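I have placed the structure first, in the form of structure tokens, so that the comments after it can refer back to it.
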Amino acid sequence: MPYLDHKDLLLAVLDGEFVDKPPVILPSGLVSRPIDSVLDSEGLRLDELHSDSKKLSKLSLAVQSATQVESLAMPFVLTVESEAYGGESEESVASTKPTIFRYPFKKVYEICTLEKLDPLTSDRLPVVIDTLKELKGKSEELNLPLIGDLVAPLSLASTLVDAGAILKAMAKKDSVVNDSLDLLAQGSEAFASEMIRAGVDCFCIVDPISTVNILGAKFFELYTVPYLNRLTEFCHSLEKPVIVHLCGSLEKLPIDMLSADCISLDSENSLEFISSIADDFVVMAGPDDKALSGCSVELQEGARELVSNGVRILSSSCALTGGVNPTNLKALVESSYLIAEEAE
């Protein structure tokens, strides 16, 4: 089949279709901070960006132009939901992304006292919505999918209360854990609704705490699966596909219970494991930060190996840092075309 435009290509893959070229996308949830060289070339400073939708949309477009990734995304999303609930962020250091540095609560039950999230008035959420609205016109002009990012309820809870307290409550089977996650999921649904109104084409939900080392398989089944599926099914009800990114090795986790359209994996997962799940899921994976510092030939070989083992969407493995060279991401994009040509 001929190449589709980038938006149609991604949506076709997420719908389970087999296409001749793997899309190469970069959701914001897989980026620890924007590319330093792009910030410099655009004359932007991180500590001046977070509340300025025009500068954020400028940065998003500049990253896409420099890397040629086949998507647009909001540059800062991973802390905005937490901030809206009272989590604090550090914005004074120009070289870092806002990061939560103080838990607003000590006990899990305190999450249940939170006011309902209003995406149109709560903290920086309106900035995200305005940025996405500004990017929508460009995404249509460039035929690029616009990706909305969400933090899974359990990972969001872990930015409000120390994870140790959450795990202790889980061990006691305290219903306050479910009550808290229900409230946070409700807020994320409201946020997702406004992002859809702003024009996003699909979602990437990141869940960094839901690893086998932190939760184990049983807690994953009890406290991760129901809430990831709730958000996924909510987005599906509004006709938007969902990518779920999970960190660490997934081999011992019951990921078959997830209803996401695509599972995004980091580099801890083997090619053998990818092959074992490729018939059941659309799989997204890619080079990690270290691999992205290598030469173009190595990147292309790595991408070819991933695709031959069942990866259908290429991206950064996880936590892409600001020091990455845009040329290397461009090489990853170029590799997707080489893969397509070889398949003809």
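Given the Cα-Cα distance of Glu239 and Glu221 and 0.36 nm per residue of separation, how much length would full extension add, in nm? Numbers along the way, then the final one.
Working: separation 18, 0.36 × 18 = 6.48 nm, distance 2.55 nm.
Separation in residues times 0.36 nm, less the Cα-Cα distance, equals 3.9 nm.
Per residue of the chain, what 222 nm ellipticity follows from adding -39500 (n - 2.57) for every DSSP H run with n ≥ 4, rounded to the nearest 500? Mind showing how you got there, number by number?
On the way: 13 runs with 145 residues, N = 344.
Value at 222 nm, helices only, nearest 500: -13000 deg cm²/dmol.
Using packing as a proxy for protection, rank 238-246, 68-76, 39-47 so that the peptide with the highest average count of other Cβ atoms within 10 Å comes first.
Working: 238-246: 21.3, 68-76: 25.2, 39-47: 15.0.
By packing density, highest mean first, the sequence is 68-76, 238-246, 39-47.
Report the extension gain between Thr321 and Cys295 in nm, rounded to one decimal, defined as 0.36 nm multiplied by the number of residues separating them, less their alpha carbon distance.
Working: separation 26, 0.36 × 26 = 9.36 nm, distance 1.72 nm.
Extending this stretch completely gives an extra 7.6 nm.
Rank these for me by crowding, Asp174, Asp201, going from fewest to most other beta carbons within 10 Å. Working shown, then result.
Working: Asp174 15, Asp201 22.
In order of increasing Cβ crowding within 10 Å: Asp174, Asp201.
Find which of Gly248, Ala190, Ser237 sits farthest along the positive direction of the dipole of the chain, computed with +1 on the beta-carbon of Lys and Arg, -1 on that of Asp and Glu, about the Cα centre.
Going by the Cα projections, it comes out as Ala190.
What percent antiparallel are the DSSP beta bridges of the chain, to the nearest 5? Before the final figure, lay out each step's value.
On the way: 1 of 24 bridges.
Of those bridges, close to 5 percent are antiparallel.
Mind giving me the FRET efficiency for Arg102 and Lys172? R0 is 25 Å, r the Cβ-Cβ distance, nearest 0.05 is fine.
Details: r = 25 Å, r/R0 = 1.01.
Efficiency, from the Cβ-Cβ distance: 0.50.
Can you find, among Leu14, Leu167, Ser293, the residue farthest towards the positive end of the dipole of the chain? Put +1 on the C-beta of Lys and Arg, -1 on that of Asp and Glu.
Positive-most Cα among the choices belongs to Leu167.
Please report, for the Cα atoms of segment 6-343, the Rg to one decimal and the Dmax as a whole number; what are they, in angstrom?
18.8, 57
Take Arg124, Arg304 and order them by how many other Cβ atoms sit within 10 Å, fewest up front.
Values: Arg124 20, Arg304 15.
Fewest-to-most ranking of Arg124, Arg304: Arg304, Arg124.
Tell me, what is the FRET efficiency for Asp256 and Asn213 to the nearest 0.05, using R0 = 25 angstrom and their Cβ-Cβ distance as r? Display every interim value, and only then the final one.
Numbers: r = 20 Å, r/R0 = 0.79.
Calculated transfer efficiency: 0.80.
How many nm separate the modelled label positions at Ser65 and Arg197, each set 7 Å beyond the Cα in the direction of the Cβ?
Using points 7 Å along Cα→Cβ, the separation is 3.1 nm.
If each residue's Cβ is checked for other Cβ atoms within 10 Å, how do Tyr223, Tyr337, Tyr103 rank with the fewest at the top? Walk me through the numbers on the way to the answer.
Details: Tyr223 23, Tyr337 13, Tyr103 18.
Least crowded to most crowded, the residues run Tyr337, Tyr103, Tyr223.
Compare the Cα positions of Val324, Ala66, Ala84 along the charge dipole of the chain (+1 at Cβ of Lys, Arg; -1 at Cβ of Asp, Glu; about the Cα centre) and return the one farthest towards the positive end.
Looking along the dipole axis, the top candidate is Ala84.
Taking only the C-alpha atoms, wrap a convex hull around segment 216-317 and report its volume per residue in Å³ as a whole number.
Working: hull volume 9.8 nm³, N = 102.
Cα convex hull per residue, to the nearest whole number: 96 Å³.
Say the cut-off is 27 Å between C-alpha atoms; which of Lys55/Lys330; Lys136/Lys290; Lys116/Lys240; Lys240/Lys290; Lys7/Lys218; Lys168/Lys290 go over it?
On the way: Lys55/Lys330 23 Å; Lys136/Lys290 32 Å; Lys116/Lys240 23 Å; Lys240/Lys290 32 Å; Lys7/Lys218 37 Å; Lys168/Lys290 35 Å.
Check vs 27 Å cut-off fails for Lys136/Lys290; Lys240/Lys290; Lys7/Lys218; Lys168/Lys290.
Counting Lys and Arg as +1 and Asp and Glu as -1, each charge on the Cβ, what is the dipole of the chain about the Cα centre in debye, to the nearest 20?
Details: 28 positive and 54 negative charges, 185 e Å.
In debye, rounded to 20, the chain gives about 880.
First obtain the Kirkwood hydrodynamic radius of segment 158-280 from its Cα pairs, then insert it into the Stokes-Einstein equation at 20 °C and 1.002 mPa s, and state the resulting D in µm² per second as a whole number.
On the way: Rh = 15.4 Å.
The estimated diffusion coefficient comes to 140 µm²/s.
Treating cross-link reach as a plain straight distance, find the aspartates and glutamates whose alpha-carbon is under 19 Å from the alpha-carbon of Lys252, omitting any fewer than eight places away in the same chain.
List returned: Asp207, Glu221, Asp266, Glu268, Glu272, Asp279, Asp280.
Only the coordinates and a few stated rules stand behind these numbers; no lab work does. What you see is a predicted model, and the numbers here were worked out from it, not measured in a lab. As a convention, Cβ positions derive from the backbone with ideal geometry for all residues, glycine included, and neighbour counts pool all protein chains shown.
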